[in-house]
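The values are calculated or read from the model by the stated rules, or taken from the named source; none is laboratory data. Treat the numbers as computed from the prediction; the structure is a model and nothing was measured. Positions of Cβ are backbone-derived with ideal geometry, glycine not excepted, and every protein chain shown enters the neighbour counts.
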Amino acid sequence: MLKENKKNLKKCLFCFNSNIGFNKQIVKNNSLLCKSNESNLEDYLINSKPMINGEEVKHSQVILELKKFINTKEIFHIDGLSCDIQSISKVLNFAEKKKYSINHIDGKRINNFYKSFQKYGGSFTSFNEIKNRSDLMIFLNISEDEICLEFFEKLDWTRKKKKESIFFFNSTQKKSDEFSHISYKEGSFFEELNYLNIDNKERRIKKKFEGLKKKFEKANFPVVLCNIEENNNAQILSIYSLIKLINKKNRLRIYNFLGSNNSSGYTNVCVTKTGYPNSINFTERGSEYEPDEIRPESLKEYIKFQIYISNFEENPKLNFFKNNIFIGNPNFINKNKTQLFIPTKTPGIDCSGLVVRPDGIGVIKLNKKIDSDYPSLSEIFEDLM
């Protein structure tokens with residue numbers, strides 16, 4: 001077991017300094033580790049062994065067995081992809097060569113966001129644009145505690161501008177006087193959302209929305225920020241429907257938190273390589289985007305083999321196929337339930353790696369802290385190519 005001196009650890013490696021979508025942990029101080037990350041570092045196994053059907057073997061044996069599976073010409077699905085940018089790129093190259101399908105551990109969240117965007121349209125914005133141009137930010141269904149302090153620090157707005165220009169619209173209690181808050185009763189989101197059609201001059205507006213309405217009428221660069229989750233598709237569709245109505249008179253930009261597990265880095269690599277954000281089927285005809293078809297819960301009915309990749313999650317919500325190959329976190333909880341288990345180095349612990357912050361501030365380098373004998377994900381997929 002690894003026991004690391006916490007005084008030498010300055011960043012939360014696993015949630016990338018933003019807790020949106022990461023076990024709802026609250027990161028209030030960027031200089032401190034969140035509890036989930038402390039546990040990962042303290043309990044990180046440095047002597048985990050590869051396995052075939054629950055039996056410990058040498059690394060060369062498990063790789064040979066994996067190659068035998070691949071050489072059977074069976075169709076494979078690759079899922080998880082909770083890893084650094086370089087590894088994601090290597091895996092996508094491998095999937096393209098072998099004509100496999102791919103999906104991300106946060107695939108439902110990614111698909112919810114882009115499906116809604118494709119249906120209703122919208123205008124994305126970047127963090128730098130928000131910082132330098134925005135004069136109104138509306139956080140929908142996100143509480144103040146769910147945003148890392150570094151987001152607001154890098155925003156570098158005056159206290160007065162933050163109070164006048166940042167609005168939180170959610171069902172939680174007001175946390176501070178630093179921002180403006182508009183609350184609603186639990187379960188009344190859709191009803192209250194209708195009143196946020198703040199550019200509709202014919203509709204009588206509730207008193208609590210009057211300040212936001214006046215601010216919106218004068219805003220030159222309004223931005224809405226929403227938290228996309230796996231099971232809130234109806235909510236996201238409502239938000240986008242609202243944005244579409246508002247955009248007829250006043251352009252409202254969209255800024256999204258994609259979550260942890262390097263979701264943002266994954267979508268960036270996917271879009272660069274294929275033009276699509278997720279749920280891709282590599283075929284002889286090229287890349288095919290199939291968000292409604294490439295879902296592990298349905299794929300496992302007719303695909304026998306799954307390769308699941310996860311560095312940052314030791315207990316991912318894995319849909320087990322008939323045959324499962326897990327590659328990644330040495331602390332994987334269900335290693336005995338897989339046909340093949342291949343532990344690898346973890347960026348931020350025993351190797352370095354780049355990830356994209358889910359709040360869009362930029363790219364983070366997760367630095368190596370200890371040595372281990374595990375191979376990296378990139379090395380494994382280079383070998384398989």
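Please specify each residue of region 308-341 satisfying the condition of being within 14 Å of N261 (Cβ to Cβ) and either in contact with a Pro (Cβ under 7 Å, 6 or more places away or on another chain) or not charged (D, E, K, R) (or both).
Those that are within 14 Å of N261 (Cβ to Cβ) and either in contact with a Pro (Cβ under 7 Å, 6 or more places away or on another chain) or not charged (D, E, K, R) (or both): Y308, I309, S310, N311, F312, N315, P316, L318, G328, N329.
Might you check whether a residue that is within 30 Å of K154 (Cα to Cα) and either of a type in the set (A, V, I, L, M, F, W, C) or out of contact with any strand residue (DSSP E or B) (no Cβ under 7 Å at 6 or more places or on another chain) (or both) occurs anywhere in region 316-324?
No, the conditions are met nowhere in region 316-324.
Any residue in region 71-93 that is closer than 27 Å to R251 by Cα, of a type outside the set (S, T, Y) and either free of Cβ contacts under 8 Å to residues at least 60 places away in the same chain or surrounded by 14 or more Cβ atoms within 10 Å (Cβ to Cβ) (or both)?
Taking region 71-93 as the starting set, the residues that turn out to be closer than 27 Å to R251 by Cα are none.
The answer is no; no qualifying residue exists.
Only one of these is in contact (Cβ under 8 Å) with a residue 24 or more places away in the chain, under 30 Å from L212 (Cα atoms) and buried (at least 22 other Cβ atoms within 10 Å of the Cβ): F124, F113. Name it.
F113
Taking the condition within 20 Å of D43 (Cβ to Cβ) and of a type outside the set (S, T, N, Q), does K335 pass?
For K335, the condition - within 20 Å of D43 (Cβ to Cβ) and of a type outside the set (S, T, N, Q) - is met.
Could we say that F151 is surrounded by 18 or more Cβ atoms within 10 Å (Cβ to Cβ), assigned to a helix (DSSP H, G or I), assigned by TED's automatic domain parsing to the domain that holds E178 and out of contact with any helix residue (DSSP H, G or I) (no Cβ under 6 Å at 6 or more places or on another chain) here?
Here the answer is yes, as F151 does meet what is asked.
Based on this model, can you work out whether N170 counts as modelled with pLDDT under 70 and either among the polar types (S, T, N, Q) or surrounded by 15 or more Cβ atoms within 10 Å (Cβ to Cβ) (or both)?
Working: modelled with pLDDT under 70: no; either among the polar types (S, T, N, Q) or surrounded by 15 or more Cβ atoms within 10 Å (Cβ to Cβ) (or both): yes.
Here the answer is no, as N170 does not meet what is asked.
What residue, among those in region 109-125 that are at pLDDT below 70 and outside any helix (DSSP H, G or I), is farthest from I294 (Cα to Cα)?
Restricting to residues being at pLDDT below 70 and outside any helix (DSSP H, G or I), the top hit is G122.
Just the residues that are within 30 Å of C226 (Cβ to Cβ) and in contact with a helix residue (DSSP H, G or I) (Cβ under 8 Å, 6 or more places away or on another chain), please, taken from region 322-346.
The answer is G328, and nothing else.
Here is a check on your reading of the model: is P343 assigned by TED's automatic domain parsing to the domain that holds I88, surrounded by 24 or more Cβ atoms within 10 Å (Cβ to Cβ) and at pLDDT 90 or above?
Against the criterion (assigned by TED's automatic domain parsing to the domain that holds I88, surrounded by 24 or more Cβ atoms within 10 Å (Cβ to Cβ) and at pLDDT 90 or above), P343 qualifies.
What's the number of the only condition in (1) in contact with a Leu (Cβ under 7 Å, 6 or more places away or on another chain); (2) closer than 18 Å to K49 by Cβ that E379 fails to meet?
The single condition E379 does not satisfy is (1).
Could you list all residues from region 311-330 that are over 19 Å from I52 (Cβ atoms) and in contact with a Ser or Thr (Cβ under 9 Å, 6 or more places away or on another chain)?
Residues satisfying the conditions are N311, F312, E313, P316.
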